[in-house]
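The values are calculated or read from the model by the stated rules, or taken from the named source; none is laboratory data. Worth saying up front: this structure is predicted, and the values here are computed from it rather than measured. No Cβ is skipped: glycine too gets one built from the backbone with ideal geometry, and neighbour counts run over all protein chains shown.
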Amino acid sequence: MPNIEPHRLFATDIVHLIEEGRLTAETVVASCLERIAEREPVVRAWAYLAGKAALDQARALDRAGKKALLSGVPFGLKDIFDTADMPTTYGSPIYVGCRPAADASAASLPRAAGRRWPDSRAAVPPCRR
């Protein structure tokens, strides 16, 4: 595997490298957060960013040793899907502060498969706001 920043890896590469012990979930999440911090002032893609929570989840995953199908693969979730642990605004100022009671399946299914996010609230794809 060439020396490449973890945020640039394919999900399959992340999974394999974590399984082989050559990469940690914490390293992947930290790399994604660094890239978000670098690009966010221009791109403005994140409506909500839970960086500390994502790092805490990644560390817990690394300590647990038990891996799920997508363990350690971070992802962003568009701000139209309910997440019980983060605000959901549905892209509208009238929903600022909304805290859904439960996760939408778009959030619960990836979580069950082991995916973790540096945020849960991508307002739109990372190329525009």
Checklist entry - Here is a list of conditions, (1) surrounded by fewer than 17 Cβ atoms within 10 Å (Cβ to Cβ); (2) within 13 Å of the chain's Cα centre (by Cα), and residue 101 meets all of them except one; can you say which number that is? => result (2)
Next on the checklist: Checking residue 6 against (1) in contact with a Ser or Thr (Cβ under 6 Å, 6 or more places away or on another chain); (2) at positive phi; (3) not acidic (Asp, Glu): exactly one of these is not met. Which one?
Outcome noted: (2)
Checklist entry - Of all the residues that make up region 29-42, how many are within 20 Å of residue 78 (Cα to Cα) and crowded, with 16+ Cβ neighbours inside 10 Å? => result 5
Item to check | Among (1) closer than 16 Å to residue 110 by Cβ; (2) touching a strand residue (DSSP E or B) at 6+ places or on another chain (Cβ under 8 Å); (3) small (Gly, Ala, Ser) - the single one residue 11 does not satisfy | outcome: (2)
Checklist entry - How many residues, within region 45-67, are more than 20 Å from residue 85 (Cα to Cα) and at pLDDT below 90? => result 4
Checklist outcome for this item: Counting only residues that are within 22 Å of residue 33 (Cα to Cα) and not in a loop (DSSP other than H, G, I, E, B), region 65-107 contains a total of 4
Item to check | Where residue 64 falls short, out of the listed (1) touching a helix residue (DSSP H, G or I) at 6+ places or on another chain (Cβ under 8 Å); (2) within 27 Å of residue 102 (Cα to Cα) | outcome: (1)
Next on the checklist: I want to confirm something. Restricting to region 52-66 and keeping residues that are surrounded by fewer than 16 Cβ atoms within 10 Å (Cβ to Cβ) and within 13 Å of the chain's Cα centre (by Cα), which single residue is farthest from residue 112 (Cα to Cα)?
Outcome noted: 52
Item to check | region 31-52 - residue that is among the aliphatic types (A, V, I, L, M) and without any contact (Cβ under 8 Å) to a residue 24 or more places away in the chain and, of those, nearest to residue 9 (Cα to Cα) | outcome: 37
Checklist entry - In region 8-45, what residues are of a type outside the set (S, T, N, Q), within 15 Å of residue 70 (Cα to Cα) and part of a helix (DSSP H, G or I)? => result 11, 13, 14, 15, 16, 17, 18, 19, 25, 26, 28, 29
Checklist entry - Across region 67-96, which residue is surrounded by the fewest Cβ atoms within 10 Å (Cβ to Cβ) among those that are touching a residue at least 12 places away in the same chain (Cβ under 8 Å), over 23 Å from residue 26 (Cα atoms) and among the β-branched types (Val, Ile, Thr)? => result 89
